[in-house]
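Below is one structure, written out as structure tokens, with a few remarks after it.
The values are calculated or read from the model by the stated rules, or taken from the named source; none is laboratory data. In this text, all values refer to a predicted model and were calculated from it rather than measured experimentally. Here the Cβ positions follow ideal geometry from the backbone for every residue, glycine too, while neighbour counts run over all protein chains shown.
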Amino acid sequence: MKKFSSVLLKNLVTLIIVCAIGVCLIIYPRDTANGIKNGFLVLGNSLIPALFPFMVLSSYISQSNITEFLCKLVEKPFNFLFRTSAYGFIPFILGLLGGYPIGAKTIAEIYKDNKISENDAERLFYWCINPSPAFAITAVGTFMLNNTKAGFIMYFSCISASLTVGFLCRFIGNGEIREIKRTQESPNKNIFVKSVSKGSEAMLSVCGWVLTFCVLAALCQALKLPDTLTLIIKSVGEVTTGCENAVISGLSLPVIAGILDFGGFAVICQCATYSTICKTEIKNLLCSRLINASLSAIYCSLLLKIFPQCAEVSVVLGSQNTSFTLYHSIGASIILLTMCILLILEVDNRKKVC
């Protein structure tokens, strides 16, 4: 009877929330439409240009023989520091360069290829999800805060937090480490084609979650909730709007670094799509994001004592300078060029048919 009551209560709460959201969508159609428009602006100006090249690249690397070569180089130090398979180096690096869902996506792909154990995959999910330098340094630091050095401080705070959690994770789990067995040739002849397909599918999932949380943020604004509550909801909802609102509200750099590393529930939902493949519970993923965010705030505070001049920022949101596009960034351009080279090599290696 108790079990039935708890299930009934849980479903009742879910039903009430769904009905409330449905009513808000009907009452505030204009705000809903504006939320979607803002979401498309976020996607077009920052996320798609910055993420899509890395989505394709991560799929390519995880399926190709490049993985074995790179992991062999770092096998001993990686095993010593993190007590996990050196294959974990791939999602860690791609997560640092490409941003939040790239690390999670790569973990799921190498897990499906049986390159890492279930325990390794779960531990990697705790520390291989990070903001990209393009977002942390360029978007938040340069364009939102008008201080590139502050962006570097926050980005290095996130990296330090990630490495700390990774080191602490070496003390949990069964310690099973998969050996790296180099393959003679890739079983896939059309790796690049499949990588583009997988990257596009993953990008659509990211877009869906971002638009969803942008709509929820717009509804919160329409309901005219208290400013503090609205700020909290936006900060933990979608990371781009969360950082913007945190900057406008004048929150300190350590707090913004924490928001940046947490990533918001939109990022957690994106990563949950891949964590379920590896049988990692979402509550553990949420706890790990909170730990990473707390450590980032602490490291940022310590770095600001060493570089106090980085704390002096001026908000430039709302000016013409905020219409940034990350496809002008050097990192994204390099990735695009790399993809072109990989495509040429892929085509070049195919047998010509008369």
query: Would you say Thr84 is in a helix (DSSP H, G or I), of a type in the set (Ser, Thr, Tyr) and at pLDDT below 90?
result: no
task: For Ala293, state whether it is at pLDDT below 90, buried (at least 18 other Cβ atoms within 10 Å of the Cβ) and hydrophobic (A, V, I, L, M, F, W, C).
output: no
field: Number of the condition not met by Ala121 [criteria: (1) touching a Lys or Arg at 6+ places or on another chain (Cβ under 6 Å); (2) under 19 Å from Phe171 (Cβ atoms)]
entry: (1)
field: Selection count, the range 268-284, where residues are touching an Asp or Glu at 6+ places or on another chain (Cβ under 9 Å) and either part of a helix (DSSP H, G or I) or buried (at least 21 other Cβ atoms within 10 Å of the Cβ) (or both)
entry: 5
field: Members of the range 210-225 found to be surrounded by fewer than 21 Cβ atoms within 10 Å (Cβ to Cβ), at pLDDT 85 or above and not aliphatic (A, V, I, L, M), listed by number
entry: Thr212
query: Has the range 10-19 got at least one residue that is more than 26 Å from Leu168 (Cβ to Cβ), within 21 Å of the chain's Cα centre (by Cα) and among the polar types (S, T, N, Q)?
result: no
task: Report, by residue number, each residue of the range 216-236 that is touching a residue at least 40 places away in the same chain (Cβ under 8 Å) and either hydroxyl-bearing (Ser, Thr, Tyr) or farther than 15 Å from Phe265 by Cβ (or both).
output: Ala218, Gln221, Ala222, Leu223
- prompt: Consider Asn114 against the criteria (1) part of a loop (DSSP other than H, G, I, E, B); (2) buried (at least 21 other Cβ atoms within 10 Å of the Cβ); (3) modelled with pLDDT under 90: it satisfies all of them except one. Which criterion is unmet?
  reply: (2)
